[in-house]
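The values are calculated or read from the model by the stated rules, or taken from the named source; none is laboratory data. Note that this is a predicted model, so its numbers are computed, not measured. Don't worry about glycine lacking a Cβ; one is built from the backbone with ideal geometry, like all the others, and counts go over all protein chains shown. In case anyone asks, the SASA skips ligands and DNA or RNA and just uses the protein heavy atoms, side chains included. Shrake-Rupley method; radii C 1.70, N 1.55, O 1.52, S 1.80 Å.
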Amino acid sequence: AQSVTQPDIHITVSEGASLELRCNYSYGATPYLFWYVQSPGQGLQLLLKYFSGDTLVQGIKGFEAEFKRSQSSFNLRKPSVHWSDAAEYFCAVGAGGAQKLVFGQGTRLTINP
Amino acid sequence: NAGVTQTPKFRVLKTGQSMTLLCAQDMNHEYMYWYRQDPGMGLRLIHYSVGEGTTAKGEVPDGYNVSRLKKQNFLLGLESAAPSQTSVYFCASSSTGPRTETQYFGPGTRLLVL
């Protein structure tokens, strides 16, 4: 069965520092991968997605993610975080014949001023 | 264009009571989904629908029923609420399957079962 692991439950970084959120997936074939962001009290918004092609994917709000098949990873990065990036981030995989996404547990990001 | 809306935003139930959560989308999407979100567990799929009149079970369907009588609406029912169903419920929709298209999420319904 497909699964997604986000090893870091909570990360704190200083404003202006770089960020990397980790995501590992389990799936036999080429997965379709997503990163969503959830601001407090809000629904989820898509940051970026990978289906095929270039393994470095650009998203909204200055985020990017790199698909590494050999490591079964799809880590999210941002070179310089802003206070408004404080939120919870979810990695998800869409795979197989089922019409569904499997989400990771989420990583809560706190920004120090 | 409101996107995906959910009604109500917050509800408190007593154990054994029933209720229906309404999800509506105005994007003419074929696929709709109900998730629950619990701390440390991400989002888990309860039920989903690939078109009007169709429904299917997701990862955690027990205790819930759904209906998709109209394309734009997807209802989630709790026949006899239990404290374990205290959660935040999200509805989502997409124009095709999640393999190729973005799922658009509603703002959520916070449910407390006492």
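Side notes on the structure shown:
- When each of A:K100/B:K70; B:K14/B:K57; A:K78/B:K9 is checked by Cα-Cα distance, pairs over 31 Å: A:K78/B:K9
- Approximate spin-label separation A:T110-A:Q71, in nm, with each point projected 7 Å along Cα-to-Cβ: 2.6 nm
- Charge dipole (debye, nearest 20) of the protein assembly as shown; +1 at Cβ of Lys and Arg, -1 at Cβ of Asp and Glu: 320 debye
- Estimated from the Cβ-Cβ distance and a Förster radius of 30 angstrom, the FRET efficiency linking A:S80 and B:M41 is about 0.45.
- Net charge, B:G53 excluded, C-beta distance under 13 Å - Lys, Arg +1, Asp, Glu -1: +1
- For chain B, the ratio of Cα radius of gyration to the globular rule of thumb 2.2 N^0.38 Å stands at 0.99.
- Cα-based convex hull volume of the protein assembly as shown per residue, rounded to whole Å³: 122 Å³
- With 5 Å bins beginning at zero, the pair-distance distribution over Cα atoms of chain A amounts to 2, 13, 24, 26, 19, 10, 5, 2, 0 %.
- Spacing of the two label points (7 Å from each Cα toward its C-beta) at A:L46 and B:S18, in nm: 3.6 nm
- Here the contact order of chain B, divided by its residue count and restricted to Cα pairs under 8 Å and six or more residues apart, works out to 35 percent.
- Comparing B:G77, B:G40, B:G53 in a Gaussian network model of chain B, where Cα atoms under 10 Å apart are tied by springs, the biggest mean-square fluctuation is seen for B:G40.
- The mean number of partner chain beta-carbon atoms within 10 angstrom of a residue's beta-carbon across peptide B:32-44 is 4.
- A:K61/B:S84 FRET efficiency (R0 25 Å; Cβ-Cβ; nearest 0.05): 0.10
- Accessible area per residue in Å² at 1.4 Å probe, computed on chain A: 46 Å²
- Net dipole in debye of chain A [+1 Lys, Arg Cβ; -1 Asp, Glu Cβ; about Cα centre; nearest 20]: 240 debye
- Chain B: most fluctuating residue of B:V50, B:V60, B:V88 per GNM, C-alpha cutoff 10 Å: B:V60
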